[in-house]
Every structure is written in structure tokens, then in C-alpha cells.
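Quick notes on the structure that follows.
The values are calculated or read from the model by the stated rules, or taken from the named source; none is laboratory data. Small disclaimer: the values here were computed from a predicted structure and weren't measured. Methodologically, a virtual Cβ is constructed for each residue, glycine included, from the backbone with ideal geometry; neighbour enumeration extends over all protein chains shown. SASA here: full protein model, heavy atoms, side chains in, ligands and nucleic acids out. Shrake-Rupley method; radii C 1.70, N 1.55, O 1.52, S 1.80 Å.
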Amino acid sequence: MSSLTVRALHKHFGDFHAIKGADLEVQEGEFVTLLGESGCGKTTTLRCIAGLESPSSGRITIGERTVYDSQARVEVQPERRDTGMVFQSYALWPHLTVIETIMYPLKRRRVQRQEAIRRALEILEIVGLAQYANRPATSLSGGQQQRVALARAVVSRPQLMLYDEPLSNLDPSLRRQVRDEILRLHALGGTTSVYVTHDLEEAMHLSDRIIVMQAGLLEQSGTPGEIFSRPTNEFVAKFVGFENLLAATVTEVRGDEIEFRLTDSGDTAALPASAAGRSVVKGDTINVAFRAANALVHSEQPPAGAARLAFRGIIDRIDFLGSRNEYRIVSGGSSLRVAESERAYRRHTMHREAGATAWVEIDADLVSIFPVARTAPAPDAEADLVEIGSRE
Amino acid sequence: MTGPSTRALANWDKPSRIPAGWRGERLVGKLLLGLAILVLFILFLLPPLTMAAASFRVGNLAGQGEWSIVPFIETLSRPSTWVVTLNSIVLAAASSLGALIIGTFLAWVAVRTTTPLRRWMTPVMAVILVIPSLFYGLGWYLVVNGKAAPVNIFLREVFGIEGSPFGSGWPIMLIVVIGYVIPVGYLFMVGPMARMDAALDDAARMNGATRVSAFFTVTLPLLRPTMFGVFVLMTSYGFSAFELPLLFGIQADIHVFSTAVYTTLTANEAIPNYAGASTLALILMLLVVVLVLIRGWILGGKRFSTITGKGFRPEPKSYGRVQWVFTAVFIVVLCWAGVIPLVQMVLGSFQPLFGVSLGFTTLNYEHVLGDRKTAGLITFTLILAAIGGFLAATIALVMSHLSVRGGRFIRFFNQAVSWAPVAIPGVLVGLALITAYLPVPGLRNLIGTPIMLLLGFIVVVTPIATRAVEGGVLQISAELEESARISGASRVTTFFTVVLPLVLPSFLAGWFIAGIGVAGNLSLPVLLSSPTMQTVAVQAYDLYRQGYASEAAALFLLLMLTVGVVGGIAWAVVKGGLRVLNRTRHSRIERAITMKGRVAHV
């Protein structure tokens, strides 16, 4: 196992700029996920690391070894990069049996036959498919096929494991199972892993660190917790489910408190500095973001307090969704979405109708703020992972 | 496994001036590719190019002598040139259209209805497809020509008409040619038809369409791009048809490109009119190029015109008693395209003197078998067919694979290679090859040898082999190869361990079809072979011209019989071999597993 470094990676497909300068570093044994919508360049990044795609420029190092460097004109072929990869479509060979499939990488790496069989059976035992060893790989069910693909990728103990949306072809019920399998194998071998997905929950569950990508740019990197609660820009915030984004201007930064004025309503409020995903200064235009599920709806003005934000508004719509009520509340020109749990709505629905005045209240530690226009990121020396380039 | 440190050391390259793609084994790979492109260019693209140039030269040899535009102008200003062009277009377009309509209808019947016998349609059509055109043509020839021909007997007995009124001319030629290409149309259409989502039909029905109008308003329009593509493909092949127009057109003075070229060159003139023949070929080339461009435009660069995503099954529906009519249509087509000519060939081979009297005799077979040349002739033809078919299928496989995974240039080159031979009228291929290879050292010495004949056959049948093989190659998803690369296999190893095993069925089919193409091809050897190296097709055609049609039939049947027997044996050997190979593979692994188990228990 070894670390992975990618520097200033660019990839063009004709006129299309698929990766706009990716810099990323994955530590030994780390499980890193590239998260983003389809077409954001995450799979292309992975394929460049695997050697299946030739980057336009940049440098890729696996461990000590440079496998791609546009300046030194190095490009190591995929079969010499000593990686393992799990494909979205399983990519199992229809003419081979399960055990032959798993022995294939060992054979290519000149592992002795007896040893290869021993190792193949061992890994089959681990993924629980030993009884299917002599069945054609493609005759198994979807979940089993992906486990075979998983076993094939790890059996040669590669330096680096790459996963290209391995679960998206599986039934939801099977995903959880295979996910556990991936985590188990990762824990067992401790292989450095890069995982690509568009599924937030999957990324949260599996990763040590998540890198959010958009339109060929790396947007934010952080632990699942950081990404989920402290997004540093609008795209990541929306991607991880912050439904409410309010524009505001920082009026004062003092000690551990940030004071700001909401652009639409003109109200001022203050939040602890820890709410900011990245540092802000006086005069910055920021977004104040919170999730619909984290807010409460009140019919009367709640008592003021430093640890809370409250907005007054008019109820525009109430959508009954069974487990919750979803409110659209217009507050000073912005439309807020607030979800009310069953427990809460059972008590209140009767008094609440469209047109009524309501207060939205939210705990300060559930609010996140981040600058709107991105200022050039302060390059903290050799940050473990950084956003790259500037937005075009 | 080597540790990371040794790997790192081994891989520590100093920065190089040469791009990574142009060093080491990848340079070797590129050089090999370049060499292959050069060879293929000389084999496939040079002949049509030199032939085009030959239109502007006057001399005793094709492609040599003074440059002159006179023969070119002269040929173009001759009305017969345009009659030939028109005839060719009419024959190719009309027969393709007819065959496509019938083929599409049968494909629909086979996939979307519950008609009796529908499951037999695809295998039967595939079998009919491999009947060589000369064999098929001679069979039909015997049905409509001569006193003992069944059609003529019927006309004489019932209407009192003497002679062979339907022996040649447009009606019989069209009927025969359409019958010959129906299986092609069917096999091209049955795949797309099967990939079509039946729910689209159901939706039309739910919106008020009847079964019939659903077929015409939904099914057919959806298939239109595919049908256009297939139509263009068949028409361009139809342009270079030779054997059937030779049998049914010439007597009625109907000439198409191939036959016109053939008569131009074999006419008893002091100097064969090479320039004139080449000019005719030039017109044909132009037509094919235009058609190929139209085809590319219609298919919009798509490799597949897929009509549905995945998981759909075209549900066959019952159409009631009218399905018996569908079955009847299928049986009529079956007789038309296969049974009638085949039976007539068998009967004809037992007739004492074809066309004069009835009765049965084995004399023809005795003659043919008594001739010492026969065994050699058949062996020679079979060897040519086997080797030529194999090489053509190999070229087709490698080219298709390269073009699926390669860049734009390779794709274009592959297109050109697999279409160029189609643009040369059958009989001219031999001449074009000689013209093209004469200036190339090494190849020059091959002229007049069986190797030259072999090269010619490879050029002629590679397009056919390509059509058979490329489908199989397209079905292998890129990820299957990528996963092999990630598993540590080089490009070459990937090709042999993943691609080849998966395309083997298509490859074998391509080999067989190309081999049959070689065995039944008359247009190439008729001008290229010398008396010392004849093929069965040439010999059979000679016998037919000298009036020994029954002996020709016997000879051809013997060839088909041998092909069948040899093909059958080869099939059994390959299948059995693969099975044995698989079993040993499995049992070795199983043994190893159980041994390991025993060790574990002890």
C-alpha cells in the first residue's frame, strides 16, 4: 500500500475541459471519496489515476513512483501501476469461472499456480463465495458479481484500490451489504483507496475524507462530518442538503462572534465564529445556510437568545408529506423551507394555514456560513487537500 | 510481490525528450501498427487507386503506357456506358429493396408473432446465406433453361409454349437476385427488430391504432434509419454482382458493371480495353463512395441504431389465423432462396444430358470423379477457402478491434479498407491487383502464383468477414478489457485472454462465411487463375459454357458436399477441443482445491 499524489491534473476531451487542475493527496491507508454529480470529472480523475485515460498535463505519483508526469514525459501503462479497480458494470469476463477470474490478476503477476489458488480461495472465503468457485462469474446475482469483482481487485494486494461507482448498478438493499464488504476488506488490508460516487450517504459511510467535485474542479475536502455540517461554498452546501441559503453581509467580526445583516430582510443577527467553514472578514458577502429539518416553526415570536436565529415570515404553502409537514415561509423576500416533524405538526396543524404569520427558529450550531464570492483560497502550506485553481 | 522500494527504483526514469507514447514497447506497438497499415494499404487501397488511374492510360497492360484522357472521354460518351450504369443501379436498388421488404417482414414475423415455424427462420436463413452465388445461379438456370427444365415442361404441356421464354431477361434476373439476397436482408433486420421495445407497439394500440396501423406508424418508422442503412449496404454490394447477371442477363443483352467489364476484357480485340474497363469501374467506385457517405449520414455516426435500452423483451403476439399465411410466405421464400435451386442442382447432376432428355444416370459423377484433376481441384479450392477465409477473418478481427478502441484515423482507415474492395467490380479485382502490385517489389514476383490468387481472395472476402466479425467485437464492453489491464495484462495479453475467447464464435462464423465466399467465387479466378491453378467455380463455369451443365452441377455438388463434411468435422473438432480444454482447466483447479482441502484436514 502506498500514498497517492496528484498535482495540477488537467484533462481535455477535444474542447471539453473535463478536469481543471486537480491537486489531491491521499495518505497511506486512507479511504478518500470523490463525490459529485455525473459529468463533474470524478470518474475521469479516477481513470487518469488508473492509467486508462491519458491526462493532458499534470503529475501522478503512487507511493514513491511517478506513474504520470507530463513534463518528464512519463506514462506508465495501467497494467504496471499495481492498482486494483472495481468497475460500475462489474466488468466480469463471461468466459471465465469465479475462481479463474480471481486468479487472473495473480497469473498476470506471475504468482505460482498453487499459491494463486490458495490466495483466490482465501479471498473467496472472505467475501463468502467459496461455494461458487467453479461457476461462471456472470451466472451469479448482481451483488455476488460485484463481490467477485471486489475480490479480483484486492487479491493481488495492489498498492492502491480504485472504485468507480461500484454500487450504483445494485439494488438499494444490496448496496448496504456490499458497502460493508468494501469497508471490511479495506480494514483488513488497509489499502489506500480512492472511491468515486454521486451518493452522499455512501460517501459519508465509507470515507475517511471526502472531496466534492464540480465541473472539473475540486470544491472542498474534509472529513464526512466537516463536509456535512460546514460546507465552504454554495455548491457543496446544496449538494449536502442545505435547502435554505440566505444572502448576508458581514458587519462585524469580533472575537468568536460574527455579526451580519441579511440582504433580503435587513435584519441583523450574530453567530459564533465556529459556524464559518472558512474565515470571513468584515464586508464579506456570505451565505447563511441551514437544513429545513433543523428549523422549528412557531406561531408566536420565540424568546430571543444568542444561541439561536429567528426569522419572521408569512406561510406561503404547507405540503403534507406524511412523516413531516413542509412549510414554505416567505421572509423578507426569501423563501425558506422548513420541515416540521410528525410529533410537532400533530399539535399545531390546526392553527396554521397559508397566509398566517410564523417564526422560523434555528439553533446557531446548526447554521453554517460561508463567503459567496470565492476569494482566492489561502494556500496553507501543503494542506492535506486543497481546492484547485480558480473558478472560470 | 516485489516491494514498493524496488519498483520505485526500477521505474526511476530520467526525464526524456521523447513523449511517453513513443518509447519502448509502445514505440514497437506503433511501428507494428504502421507496418500493418502499410500492408493493408497496399493490399486493399492501392488496387482501387491504381485502377482509377488506369482509366487515363493507354497501353498493352493495365495501368501502363501513355497518359491520355481519350479512352476516358470515349467511354463516357458511349451510350452503352450509361445503359450499363442504369442497369446496375436498377438491378442493385430493385433487388435490395425487394429483399429488404421481404426480409424485414419475415424478421418481424419471426420476432413479434407466434407464427408456426418462426423459431426455424433464423437458422434456416443463415444456412441459405452460405450457398455460393454461382451454385445458386446454376440451380435456377437449370430450372428455367432447356427442354428438361421444369418451368419449360410446364409451359409446353399446359400452354404449348416452346423454348425457354423465362430463360433470361429482367424478370428472371430480378427474381433470382432478390431470392439470393433475402437472407441478407432478413439477418440484418432481425437483430434490430428483436431489440425493439414491444411496449412502443402497445402504446400505439392503447392510443387507438390497429395492429396493422401500429406496424406501419410505429414499428416501421422506428426502424427506418436501420433499414436505410441496410438498404445502402446491400445496394453497394449489388453493384459488383457478377455471377447472376452473367447467367441471366448476358443472353438478353442486359449488362451490368461486372459483366460489361468482363466482356470488354475478353472481347476478341487486339488490345484489351483496360482504360475503358477502368472507367466503368470508376463510375461504380463513385456510386459506392456516395452510398457509403449516405449510409454514414443516415446512421449519424452511431455504431448501433439501438431502439431500446435494456431489459425489454419483444413479446411475440398472436395474430390469429393469418399467421398460417405468414408460415406459407416463409415456406415460399425458403423454396425460392434455397430449396428450388438446390433440388434442381441435385436432379440436374443426375440427368444424362442436361436440357435434352429426362431420366437419371450417375454418368456425370463418374465423369467428374474419373477425372484425375477433380480431387486436386477440390483440394486446391478447399485449401484456398480455408486459408483465405482464416486470414480474412483475422484481418477483420484485428481491424474491427483496433477501430473500436482506436482513434478517428484508425476508424476511418478501417472503414476504407472494409469498403474499398466492394467498390471494384468483381472481375476487375484480379486486374486491379495485378496493376497495383506490378510496381511493388516482392509482390511483383507473386503474380501468376497461387499466393496471388490467395491475396485476391482475401481482398474480396474481407469485407464480408468484417460484417460478420465486427458485431461480435462491438459487443465486448471496454470495461472488460480495462479490468484486464488493471489486473496486470498488457494490451497483447488482454487481446488473447479476454477479447479472443469472447469473439471466438463470431470469428469462426466469419471464417466459415468468408471461406464459402472463396469457394464459390467465380469473378476473381475467372481472370486471375491460370490453367494450372483452377478452382472448382472456374471449372464448373467452363463446363457450363461448353454445354455440360449437368457435369458442372455434379462438380459443384461434390464441392459443397466436401465443404459440408470438412466444415462439419472442423466444427466437431473445434467444439470437442474446446470442451476438453475447458474440462481439463476445471478439473485441474478442482483438484487443486480438493488437495488444499485435504491438506487442511490433515
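Remarks
- Among the numbered conditions (1) without any contact (Cβ under 8 Å) to a residue 40 or more places away in the chain; (2) open to solvent by 20 Å² or more (accessible area, probe 1.4 Å); (3) touching a Ser or Thr at 6+ places or on another chain (Cβ under 6 Å), the only one that B:G163 does not meet is (3).
- Among the residues making up region A:78-96, those that are open to solvent by 10 Å² or more (accessible area, probe 1.4 Å), under 20 Å from A:V194 (Cα atoms) and facing chain B (nearest Cβ under 7 Å) are A:E79, A:S89.
- Selection from region A:55-86 of residues that are of a type in the set (S, T, Y) and in contact (Cβ under 8 Å) with a residue 24 or more places away in the chain: A:S56, A:S57, A:T61, A:T83
- Among the criteria (1) touching a residue at least 60 places away in the same chain (Cβ under 8 Å); (2) surrounded by fewer than 23 Cβ atoms within 10 Å (Cβ to Cβ); (3) more than 14 Å from chain A (Cβ to nearest Cβ), the one B:A519 does not fulfil is (2).
- Meets criteria (in contact (Cβ under 8 Å) with a residue 40 or more places away in the chain and crowded, with 23+ Cβ neighbours inside 10 Å) for B:V398: no
- Selection status of B:N145, open to solvent by less than 10 Å² (accessible area, probe 1.4 Å), touching a Ser or Thr at 6+ places or on another chain (Cβ under 6 Å) and assigned by TED's automatic domain parsing to the domain that holds B:F330: no
- Beta carbons closer than 8 Å, at least 6 apart along the sequence or on distinct chains, pair a first residue in region A:263-281 that is more than 18 Å from A:V372 (Cα to Cα) with a second that is surrounded by fewer than 17 Cβ atoms within 10 Å (Cβ to Cβ) and basic (K, R) for A:D267/A:R261.
- Qualifying positions in region A:98-134 - more than 7 Å from every other protein chain (Cβ to nearest Cβ) and β-branched (V, I, T): A:V98, A:T101, A:I102, A:V111, A:I123, A:I126, A:V127
- If you go through region B:467-489 and keep only what is facing chain A (nearest Cβ under 8 Å), surrounded by 18 or more Cβ atoms within 10 Å (Cβ to Cβ) and in a loop (DSSP other than H, G, I, E, B), you end up with B:S487, B:G488, B:A489.
- Restricting region A:136-162 to residues that are away from chain B (no Cβ under 11 Å) and part of a loop (DSSP other than H, G, I, E, B) leaves a set whose member that is surrounded by the fewest Cβ atoms within 10 Å (Cβ to Cβ) is A:S141.
- Helices (runs of 4 or more DSSP H) contained in region B:115-215 and holding at least 3 residues farther than 30 Å from B:L522 by Cα: B:118-129, B:150-159, B:170-194, B:198-206, B:211-214
- For region A:163-185, the candidate set comprises residues that are within 17 Å of the chain's Cα centre (by Cα) and within 20 Å of B:S483 (Cβ to Cβ); within that set, the residue that is nearest to the other protein chains (Cβ to nearest Cβ) is A:D164.
- Within region B:423-430, not a single residue is assigned by TED's automatic domain parsing to the domain that holds B:G568, on the phi < 0 side of the Ramachandran plot, open to solvent by 50 Å² or more (accessible area, probe 1.4 Å) and assigned to a helix (DSSP H, G or I).
- Residue count for region A:4-25 satisfying the condition of being under 21 Å from B:E482 (Cβ atoms) and surrounded by 19 or more Cβ atoms within 10 Å (Cβ to Cβ): 7.
- Flag if A:V67 is among the β-branched types (V, I, T) and surrounded by fewer than 24 Cβ atoms within 10 Å (Cβ to Cβ): no
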